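The values are calculated or read from the model by the stated rules, or taken from the named source; none is laboratory data. Computed from a prediction, not measured in an experiment: that's the story for all the values here. Don't worry about glycine lacking a Cβ; one is built from the backbone with ideal geometry, like all the others, and counts go over all protein chains shown. These accessible areas exclude ligands, DNA and RNA; they are computed on the full protein's heavy atoms, side chains included. Shrake-Rupley method; radii C 1.70, N 1.55, O 1.52, S 1.80 Å.
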Amino acid sequence: MTENESPALKTALAYYRAWTSHNFEHAMTYVADDIICQAPAGRLVGGEAFRGFMGPFVDILTHSKLVAAFGDETTAVLMYDTETAPVKDAPGAECLTVEDGKITHLRIIFDRLPFEAARREAAG
């Protein structure tokens with residue numbers, strides 16, 4: 001990880017620390033109202049759509065460990081391992097664009113297959 005946090009990295013890490021601490025409302029203070037999020041499930045536009053996507057994930061999160069974090073003036077990249085109630089090994093990565101302290105674009109990468117399998121198993 002970088003020793004000196006750039007402006008984008010500071011915002012990305014503050015956001016990450018908030019949602020991984022289950023303080024999702026605080027995490028959302030770093031998210032722009034008009035955020036565009038590219039996720040495995042598709043493109044989400046706006047804070048409320050993003051909230052509907054990320055909020056349920058935060059609810060099932062049991063542990064997270066930051067693996068790497070890098071950034072410059074406007075872009076940050078985070079890689080982390082997460083553990084959730086239904087999926088014990090759920091690594092993820094994010095590329096975030098930050099403008100004026102707000103995340104305006106977020107590309108998140110994770111494997112949806114284990115989550116879909118857990119949903120099917122829970123449904124019986």
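Worth a mention:
- For the chain, alpha-carbon Rg relative to the globular expectation (2.2 N^0.38 Å, N residues): 1.03
- Per residue accessible area in Å² of the stretch 54-121, where ligands, DNA and RNA are left out and the probe is 1.4 Å: 57
- Solvent-accessible surface (1.4 Å probe) assigned to Glu48 amounts to roughly 130 Å².
- Angle between the chain longest axis and helix 7-20 axis [Cα atoms, degrees, rounded to 10]: 30
- Of the residues Ser21, Ser64, ranked by 1.4 Å probe accessible area with the largest first, the sequence reads Ser21, Ser64.
- Unit charges on C-beta of K, R, D, E only; dipole of the chain, Debye: 340
- Rounded percent of accessible protein surface that carbon and sulfur make up, the stretch 1-122, 1.4 Å probe: 53
- Overall form of the stretch 22-90 per C-alpha gyration tensor (a/c, 1.5; a/b vs b/c): oblate
- Alpha carbon centroid spacing (whole Å) that separates the stretch 65-113 from the stretch 1-45: 8
- The angle separating the long axis of helix 47-60 from the principal Cα axis of greatest extent in the chain is about 60 degrees.
- Straight-line cross-link partners of Lys88 among the lysines, defined as a Cα under 23 Å from its Cα and at least 8 positions apart when in the same chain: Lys65.
- Taking the C-alpha atoms only, the angle from helix 113-123 to the longest principal axis of the chain is near 40 degrees.
- Computed on the chain, with alpha-carbon pairs under 8 angstrom and 6+ residues apart, the relative contact order is 27 percent.
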